[in-house]
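Asks: Structure in structure tokens, see below.
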Amino acid sequence: MTDAATSQSNETVELAPNYAIPLVLVLVGLPFVFVNLWVGAAIALFGTFLLFQAVSLRLRFTPTDLDIYRGETRIRRFPYQEWQNWEIFWSPVPILFYFREVKSIHFLPIIFDPKMLRTCLEQRYPKP
């Protein structure tokens, strides 16, 4: 690791929100309302839910943990020492972030900056 990468991995980084997936789901769901009310409403509602999550949640990469915050309140902590693997699915348009800990598996929709997410993951928990 270079000196610059080492110093970056010792800092806390908060990812900026990314509204692309939630907005696409809302926009795709609206026309479906005219084809099938329940399907269109479900898609648009899910997009609205993800939009709320993108506005209210923040991922913070610390030197030792991935923390999830709602406002200023930390709601979850994931220590890197318990991680086994991670993956960002579908490289052309990242839509899902997966990571596995010793005791559990987590899937998160990409509602944050996907490039910075990958950078932070590679710095803090490089793949073998």
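Read-outs: derived from the displayed coordinates by stated rules, not from any lab. Just so it is clear, the structure is predicted and the values come from calculations on it, not from any experiment. Please note: Cβ atoms are built from the backbone with ideal geometry, for glycine as well, and neighbour counts cover all protein chains shown.
Asks: Short version: ³J(HN,Hα) in whole Hz for each residue of the stretch 111-121, in order, from phi by Karplus 6.51 cos²θ - 1.76 cosθ + 1.60 (θ = phi - 60°), x for Gly and Pro, what are they?
Replies: Listing the rounded values in order: 10, 9, 4, x, 5, 5, 4, 4, 4, 5, 5 Hz.
Asks: Taking each pair of distinct Cα atoms in the stretch 3-124 once, what is the resulting Kirkwood hydrodynamic radius in Å?
Replies: Answer for the stretch 3-124: a Kirkwood hydrodynamic radius of 15.6 Å.
Asks: Take every Cα pair under 8 Å in the chain that's 6+ residues apart, average their separations, divide by the length, and report that relative contact order as a whole percent.
Replies: Averaging sequence separation for qualifying contacts and normalising by length gives 25 percent for the chain.
Asks: Go ahead and run the numbers for FRET between N10 and Q84, Cβ-Cβ distance against an R0 of 25 Å, rounding to 0.05.
Replies: After rounding, the FRET efficiency stands at 0.60.
Asks: Give the long-range amide H neighbours of I110: residues separated by 5 or more places, or on another chain, with amide H under 5 Å away, using H modelled in the peptide plane at 1.01 Å from N.
Replies: L96, F97
Asks: Per residue, how much space in cubic angstrom lies within the convex hull of the C-alpha atoms of the stretch 63-128?
Replies: Considering the Cα atoms of the stretch 63-128, their hull volume per residue is 97 Å³.
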